[in-house]
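Visitor: A single structure is presented below for examination.
The values are calculated or read from the model by the stated rules, or taken from the named source; none is laboratory data. This one's a predicted model, so the numbers in the text were calculated from it and none came from an experiment. Note that we place each Cβ from the backbone using ideal geometry, even for glycine, and neighbour counts take in every protein chain shown.
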Amino acid sequence: MPFSLGKRSCVAESFVKKWLFIYIVAILQNFSISSASGEEAFDEVFHLTIRPKKDVQLTFQLRNES
């Protein structure tokens, strides 16, 4: 666990989690994100989490301010 548990847990954990949420939301609000290859679906590998079988290249395009 990145922030640990118990008496020795990170004092900034809640701050960092909130900051990361705001940062990710800002990226999603300001950029259109799409697959560089144009694919809409990918083959998945099921482990503890679901991941694509091969690397996925993404394209970030700045949204128009209007």
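Visitor: Kindly check whether there is at least one residue in segment 1-15 that is part of a strand (DSSP E or B), without any contact (Cβ under 8 Å) to a residue 24 or more places away in the chain, touching a Phe, Trp or Tyr at 6+ places or on another chain (Cβ under 9 Å) and not hydrophobic (A, V, I, L, M, F, W, C).
Guide: no
Visitor: Looking only at residues that are modelled with pLDDT under 85 and hydroxyl-bearing (Ser, Thr, Tyr) in segment 17-63, which one is farthest from Phe3 (Cα to Cα)?
Guide: Here the residue is Ser37.
Visitor: Among the residues of segment 24-66, how many are loosely packed, with under 10 Cβ neighbours inside 10 Å and assigned to a helix (DSSP H, G or I)?
Guide: Final tally of qualifying residues: 1.
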